[in-house]
Amino acid sequence: MAVIRKNKGNSILEFRKDYTILNVSTTDFDYFYGKIIRIQAKKYRDFNLVSEFDQFINPGESINPYITQNTGITNEMVQDMPLIHTIAPEFLNYIKDDIIVGHNINFDINFLYDSFIDSNINISNDFIDTLRLSRIIVRDLSNHKLNTLVDYFNINDSFNRTFSTEYRNKIYLELYKTNIRENSINNYLQAKKKKQCSKSTDFSLIRSKLNNEDIDDSNLFFGKHVCITGKLIYSTKAELYQALANLGAKIQNNVTKDTDYLILGDLNYQHQIYGTKSIKHLKGEKMIREVSNLEILTEVSTRELINS
């Protein structure tokens, strides 16, 4: 059954000068199968770097070649490293109550939350997602992936883009400067407030339909192709599809080359039925390996993003 992260912090839509940049590397794309193999964090005060945390972690299982190719992390690099439960207290002592900043940071925090919970430790820090910020501040891009933003802001290409905390911080700073010039966040919040006052939306009403002008086109799912695989826990597929459609998503029955998001249902149930991952799940991971734009989300993460 999916984890209910009741003590998880909140996603905040603002900028802070004191924060910790976070990046987590894992053995898989989803929380059920994946294990953490590296935690990187950099602490900033008044936008200046003051300290770093970088720890490789033994996942207790082999790292597949695809992950090694993408992260540069090999089995030899982690075989003598500590297990995640021994690192958890040290890492939480490092970040303390800092605001966590990252790109698609829900992924990183959810992995940490689920990995720490076996040690009866919660990570409850509030967080700032540069993916969410970028969709509001630089709205004219075809997508808001890390590489796209690095190119858009013409950031010096001297690090591994995908796994560099340095890139994440530079994107955060560029978004901060752009927001100061254009007042994007405040304008977005004011427009959202007006829409909420004029018309409230109840996503539990399956038949609920929104006019185009009532859809917030800065949300993560607007204009994106979405497919669900597996049995859902907290709603029916029709209900979740309707909630996504209300955000402007394009609903699909099957994974195709156009799919942007594949949403996973109960992974335990999926494992019992298929003995492994579903056909849609396996196809989605194959497309990711082939440099597709597809991203995989859990049902819980999708709900969090819908309500953010």
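Could you compute the FRET efficiency for residue 176 and residue 293, with r as their C-beta to C-beta distance and R0 at 22 Å, rounded to 0.05?
0.25
Relative to the Cα centre, what is the charge dipole magnitude of segment 11-56, using +1 at the beta carbon of each Lys and Arg, -1 at the beta carbon of each Asp and Glu, and rounding to the nearest 20 debye?
Once rounded to the nearest 20, the dipole reads 140 debye.
Taking residue 286 as the anchor, which aspartates and glutamates have their alpha carbon closer than 18 Å to its alpha carbon, excluding any fewer than eight residues away along the same chain?
By straight Cα distance, residue 286 reaches 28, 30, 258, 260, 295.
What is the gain in length, in nm to one decimal, between residue 62 and residue 94 on full extension, counting 0.36 nm per residue of separation less the C-alpha to C-alpha distance?
Extra length available between residue 62 and residue 94 comes to 8.7 nm.
Can you tell me, using C-alpha contacts under 8 Å and at least 6 residues apart, the relative contact order of segment 1-154 as a whole percent?
This gives 27 percent for segment 1-154.
All of the numbers you see were taken from the coordinates with simple rules; none came from a lab. Bear in mind that the values here come from a model prediction, so they are computed numbers and not experimental data. Methodologically, a virtual Cβ is constructed for each residue, glycine included, from the backbone with ideal geometry; neighbour enumeration extends over all protein chains shown.
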